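In what follows, a structure is listed as structure tokens, so that the remarks can point back to it.
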Amino acid sequence: MLKNLIFALVITLGVSSCGVPADDPGAVAKEFFIRLGQLNFNGAAELATEKSKPMILMMGSFLSSADEEQKKEMEEQKKVAAANPPKVVDTKIDGNTATVTLAIQEENQGVQLEKVDGKWKVNFNKNM
């Protein structure tokens, strides 16, 4: 059982850490929300600006203090997110900033990104 869990974790980390075209703001925004939907806050933080990382990692720290009912609800949310991955609706690039509109569970969500060292990073804030 432990071997299966470790194998699944390695596969998940391997798949989620590669294949995101850092020069495509739509792909970065989509992957960011996929990782959030998987409750992979460390993975989402990798795709965020330095200013955004503390808030994302703080969200992850709440998982460790969640009670059983909250954890069950989060697992259900993961299933919903997995069944309804985000879709890029529109991308607007203006120099080193971009706005990506994603369809997330039938609702459009605007995402702001910044180009940092040649890579697009999500500028995540509490209003998202």
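The values are calculated or read from the model by the stated rules, or taken from the named source; none is laboratory data. It should be emphasised that the depicted structure is a prediction, and the values quoted were computed from it without experimental measurement. Cβ: placed from backbone, ideal geometry, glycine included. Neighbour counts: every protein chain shown.
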Legend entry - Where Trp120 falls short, out of the listed (1) touching a residue at least 24 places away in the same chain (Cβ under 8 Å); (2) among the aromatic types (Phe, Trp, Tyr); (3) surrounded by fewer than 17 Cβ atoms within 10 Å (Cβ to Cβ): (3)
Inset, instruction - Tell me which of these Ala66 doesn't satisfy, since it passes every other one: (1) part of a loop (DSSP other than H, G, I, E, B); (2) touching a residue at least 60 places away in the same chain (Cβ under 8 Å); (3) surrounded by 12 or more Cβ atoms within 10 Å (Cβ to Cβ). - result: (2)
Legend entry - Residue check for Gly60: in contact with a Ser or Thr (Cβ under 7 Å, 6 or more places away or on another chain) and in a helix (DSSP H, G or I): no
Legend entry - Residue list for the range 84-105, filter: farther than 18 Å from Phe124 by Cα, surrounded by 14 or more Cβ atoms within 10 Å (Cβ to Cβ) and modelled with pLDDT of 95 or more: Val89
Inset, instruction - Take the residues in the range 29-43 that are among the aliphatic types (A, V, I, L, M) and more than 17 Å from Pro54 (Cα to Cα), then tell me which one is surrounded by the fewest Cβ atoms within 10 Å (Cβ to Cβ). - result: Ile34
Inset, instruction - Give the residue, chosen from Asn108, Asn40, Asn125, that is in contact with a Ser or Thr (Cβ under 9 Å, 6 or more places away or on another chain), at pLDDT below 90 and at negative phi. - result: Asn125
Legend entry - Top-ranked residue of the range 2-28 - restricted to ones that are at pLDDT below 90, among the aliphatic types (A, V, I, L, M) and surrounded by 13 or more Cβ atoms within 10 Å (Cβ to Cβ), ranked as farthest from Ile104 (Cα to Cα): Leu13
Inset, instruction - Determine, yes or no, whether Glu69 is over 16 Å from Gln112 (Cβ atoms) and modelled with pLDDT of 95 or more. - result: no
